[in-house]
Amino acid sequence: MFKRLSPPEATNEAVVTFRFDEQTVTARPGDTVAAALLTSGISICRSTPVSNAPRAPYCMMGVCFECLVEVDGNPNVQACQAEVRDGMHVHTQQGARRLTS
Amino acid sequence: MQQCDFAVIGGGLVGSAIAYGLASQGHQVSVLDEGDVAYRASRGNFGLVWVQGKGQEIPLYSRWSMRSASLWAALSQELFELTGVATQHHNPGGVHLCYSQAELANREVELNALAQATGRQFTFDMLDHDQLRDLIPEIGESVTGASWSSWDGHANPLYLLRALHNGIRHYGGEFVPGSKVNRIRRNGGSFVIERDHQTLTVGRVILAAGLGNRELAPQVGLDAPLVPNRGEILVTERMRPLLDLPTTYLRQTGEGSILMGDSHEDVGFDDGTETPVLAQIAQRAVRALPALANTRVVRSWGALRVMTPDGYPLYQASESHPGAFVACCHSGVTLAAAHAKCLAPWFAGAEAPSEITPFTAERFHVQTSIPA
Ligand SMILES: Cc1cc2nc3c(=O)[nH]c(=O)nc-3n(C[C@H](O)[C@H](O)[C@H](O)COP(=O)(O)OP(=O)(O)OC[C@H]3O[C@@H](n4cnc5c(N)ncnc54)[C@H](O)[C@@H]3O)c2cc1C
Ligand code: FES
């Protein structure tokens, strides 16, 4: 559904690999986690605390909080504000966070 | 010609509860609310329905709070059935945390006096650290103990406000936002309410404009010497349930956020926030629940309390302008049920509730005598 709009000279950049739940996802250095998930065809990143409805990144600029995920055990991280790193573990944020992660 | 039985000036919690009470009893009511530019405690408060510790100087205030607390569940249910809006009212009891043996002992003395002054209607228990931990497993080691009362609870004040507004409309009342009242004058047996481009002629007028009552009250022979007092609040991200019952400064909302309150600041009409104050509030919260140290704060705000010089409510009928009343208080959430069910009938002609007799402005007019 989502397509990269990269300048032609950017095509042979190095690749970053991370895990999203049970999947391996590849991204470009400098990608946000949200961008990497969307370009990999992953559109659900969390479920809401009150009704458990599925949610996806929306504003991509840090204001809507729809893109929450767990990053390396850290709950409620905004995926559109976090840069991808090699080997990072990203998990779906299921409902409200627990107090101690 | 009168266009309406009642005009309620101010659509915050106080005005809305009163207007809901009047409308539900079949009166024609119009609520005129200034809107978003005004100072509005009702949109920025902590949401406690609280009795514990209130009324040390005037025990009738404790009785008035208990009257309201005991009517709250029914009001909440009634509003839900009428409007579909749930106020999230819960009454699991509430605790006030103490951080030393001395503080705990003082608290017990104070609450004992209150229990006695109310003929033991107000009841409470003192909890040591272990008993408190049974109620709040995450409680911090530095909390020595707490006082607990079954009278206390909490609700979502914004849903309460919405439910009241919908309830007013349900009973045929009118809620008019964006309508600041500039002047009120008498015309024979009626009142003429002047707004920017409109006037409204009504039989009775109730001033429930919060801090705005200061300017309006003298126009109908009343006095409302109110002072703003700022409180700041922080809200965390939503979390799984961890705090089953409200405390004086911490509560978990129905959606899972933790509200951390609050401050008492004398800063005039400044409803902003200040980092050192917010930091103090956060530190106190983390001391009470150390696990909060890992959580994110998603919002903070300041709001101005509607305070009389002694902190107690002001309810008064005008003698010079019969049919005009003023109503304001510092605990508009707690007192919402009493305002709807007991105060509104008074404005419509019933006898005044016995609990409110001390709350006229005469108590602020101290007699000064010059020694000879
Ligand atoms: C930080 C904080 C925490 C609090 N915590 C609690 C709590 O836990 N429990 C509790 O019970 N209470 C609490 N309170 C108190 C409670 O919020 C207030 O008692 C209550 O909101 C007062 O309601 P009100 O309608 O009198 O005033 P407001 O909410 O100020 O409403 C007044 C309304 O009048 C309107 N107005 C003003 N002037 C005019 C005019 N000239 N013409 C037309 N309209 C006008 C304004 O638009 C406004 O909507 C707290 C308050 C604060 C600030
Ligand atoms: S997508 Fe809106 S905050 Fe991340």
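Among all residue pairs at least 6 apart or on different chains, which show Cβ distances below 8 Å where the first residue, located in segment A:58-69, is more than 13 Å from chain B (Cβ to nearest Cβ) and the second is open to solvent by 90 Å² or more (accessible area, probe 1.4 Å) and more than 16 Å from ligand 1 (Cβ to nearest atom)?
The qualifying pairs are A:E66/A:Y58; A:C67/A:Y58.
Go through (1) away from ligand 1 (no atom under 11 Å from the Cβ); (2) open to solvent by 10 Å² or more (accessible area, probe 1.4 Å) one by one and return the number of the condition B:E194 breaks.
(1)
Can you name the residue in segment B:217-226 that is open to solvent by 10 Å² or more (accessible area, probe 1.4 Å) and touching a residue at least 60 places away in the same chain (Cβ under 8 Å) and is also farthest from B:G261 (Cα to Cα) among such residues? Before you say what the answer is, go through the steps one by one.
Looking only at segment B:217-226, we keep the residues that are open to solvent by 10 Å² or more (accessible area, probe 1.4 Å), and these are B:218-219, B:221-223, B:225.
Now drop any that are not touching a residue at least 60 places away in the same chain (Cβ under 8 Å), which leaves B:221-223, B:225.
On the way: B:G221: 37, B:L222: 33, B:D223: 31, B:P225: 26 Å.
Filtering segment B:217-226 for residues that are open to solvent by 10 Å² or more (accessible area, probe 1.4 Å) and touching a residue at least 60 places away in the same chain (Cβ under 8 Å), the one farthest from B:G261 (Cα to Cα) comes out as B:G221.
Given the criterion open to solvent by less than 40 Å² (accessible area, probe 1.4 Å) and closer than 28 Å to B:N91 by Cα, identify the matching residue among B:G272, B:G210, B:G254, B:G268. Full working, then the answer.
Numbers: B:G272 fails: closer than 28 Å to B:N91 by Cα; B:G254 fails: open to solvent by less than 40 Å² (accessible area, probe 1.4 Å); B:G268 fails: closer than 28 Å to B:N91 by Cα.
Result of the check over B:G272, B:G210, B:G254, B:G268: B:G210.
Checking B:R363 against (1) modelled with pLDDT under 95; (2) within 16 Å of the chain's Cα centre (by Cα); (3) among the basic types (K, R): exactly one of these is not met. Which one?
The single condition B:R363 does not satisfy is (2).
Yes or no, residue by residue, for (1) open to solvent by 20 Å² or more (accessible area, probe 1.4 Å); (2) away from ligand 1 (no atom under 13 Å from the Cβ):
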position	(1), (2)
B:I233	no, no
B:L245	no, yes
B:D262	yes, no
B:Q280	yes, yes
B:R287	yes, yes
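Checking B:L314 against (1) under 30 Å from B:L343 (Cβ atoms); (2) hydrophobic (A, V, I, L, M, F, W, C); (3) open to solvent by 30 Å² or more (accessible area, probe 1.4 Å), which single condition isn't satisfied?
(3)
Please enumerate the residues belonging to segment B:89-116 that are under 29 Å from B:S76 (Cα atoms) and either of a type in the set (F, W, Y) or open to solvent by 50 Å² or more (accessible area, probe 1.4 Å) (or both). Don't jump to the end; show me each part of the working.
Residues of segment B:89-116 that are under 29 Å from B:S76 (Cα atoms), as a first pass: B:89-97, B:111, B:114-115.
Listed by number, the residues that qualify are B:H90, B:N91, B:P92.
Are any residues in segment B:227-252 over 19 Å from B:I139 (Cβ atoms), touching a residue at least 60 places away in the same chain (Cβ under 8 Å) and within 14 Å of another protein chain (Cβ to nearest Cβ), and if so, which ones?
B:V235, B:E237, listed by residue number.
So is A:P75 under 21 Å from B:N294 (Cβ atoms) and either hydroxyl-bearing (S, T, Y) or more than 11 Å from the chain's Cα centre (by Cα) (or both) or not? Spell out the reasoning first.
On the way: under 21 Å from B:N294 (Cβ atoms): yes; either hydroxyl-bearing (S, T, Y) or more than 11 Å from the chain's Cα centre (by Cα) (or both): yes.
In short, yes.
Of the residues B:A23, B:A38, which single one is within 14 Å of ligand 1 (Cβ to nearest atom), more than 30 Å from B:W148 (Cα to Cα) and either open to solvent by less than 40 Å² (accessible area, probe 1.4 Å) or touching a helix residue (DSSP H, G or I) at 6+ places or on another chain (Cβ under 6 Å) (or both)?
On the way: B:A23 fails: within 14 Å of ligand 1 (Cβ to nearest atom).
Answer to the selection: B:A38.
Given the criterion out of contact with any Phe, Trp or Tyr (no Cβ under 7 Å at 6 or more places or on another chain), within 12 Å of ligand 2 (Cβ to nearest atom) and open to solvent by 30 Å² or more (accessible area, probe 1.4 Å), identify the matching residue among A:F65, A:F2.
Details: A:F2 fails: within 12 Å of ligand 2 (Cβ to nearest atom).
Unique residue meeting the criteria: A:F65.
Go through (1) within 11 Å of ligand 2 (Cβ to nearest atom); (2) open to solvent by 20 Å² or more (accessible area, probe 1.4 Å) and name the single condition A:R28 misses.
It fails just one condition, (1).
Where in segment B:284-341 are there strands (runs of 3 or more DSSP E), lying wholly inside it, with at least 3 residues that are touching a residue at least 40 places away in the same chain (Cβ under 8 Å) and within 14 Å of chain A (Cβ to nearest Cβ)?
Details: elements: B:297-307, B:314-317, B:324-328.
By residue number, B:297-307.
Name the residues in segment B:15-47 that are farther than 20 Å from B:C342 by Cα and of a type in the set (A, V, I, L, M, F, W, C), would you?
Scanning segment B:15-47 gives B:L32, B:V37, B:A38, B:A41, B:F46.
Quick one: B:S16 ticks every box in (1) on the phi < 0 side of the Ramachandran plot; (2) in contact with a strand residue (DSSP E or B) (Cβ under 6 Å, 6 or more places away or on another chain) bar one, so which box is it?
B:S16 satisfies every listed condition except (2).
Could you pull out the residue among A:Q81, A:Q93 that is under 11 Å from the mean Cα position of the chain (by Cα), away from ligand 1 (no atom under 16 Å from the Cβ) and open to solvent by 50 Å² or more (accessible area, probe 1.4 Å)?
Values: A:Q93 fails: open to solvent by 50 Å² or more (accessible area, probe 1.4 Å).
That would be A:Q81, the only listed residue that is under 11 Å from the mean Cα position of the chain (by Cα), away from ligand 1 (no atom under 16 Å from the Cβ) and open to solvent by 50 Å² or more (accessible area, probe 1.4 Å).
Quick check on my filter: what residues within segment A:43-57 are open to solvent by 20 Å² or more (accessible area, probe 1.4 Å), of a type in the set (S, T, N, Q) and within 14 Å of chain B (Cβ to nearest Cβ)?
Correct list: A:S51, A:N52.
Kindly indicate whether A:S40 is within 14 Å of chain B (Cβ to nearest Cβ), polar (S, T, N, Q) and open to solvent by 30 Å² or more (accessible area, probe 1.4 Å). Before the answer, list the steps.
Working: within 14 Å of chain B (Cβ to nearest Cβ): no; polar (S, T, N, Q): yes; open to solvent by 30 Å² or more (accessible area, probe 1.4 Å): yes.
It is false that A:S40 is within 14 Å of chain B (Cβ to nearest Cβ), polar (S, T, N, Q) and open to solvent by 30 Å² or more (accessible area, probe 1.4 Å).
The values are calculated or read from the model by the stated rules, or taken from the named source; none is laboratory data. For clarity, every value in this text was computed on a predicted model and none was experimentally measured. Quick reminder, even Gly has a Cβ in these numbers, built from the backbone with ideal geometry, and neighbours come from all protein chains shown. Note: areas computed on protein heavy atoms with side chains; ligands, DNA, RNA excluded. Shrake-Rupley method; radii C 1.70, N 1.55, O 1.52, S 1.80 Å.
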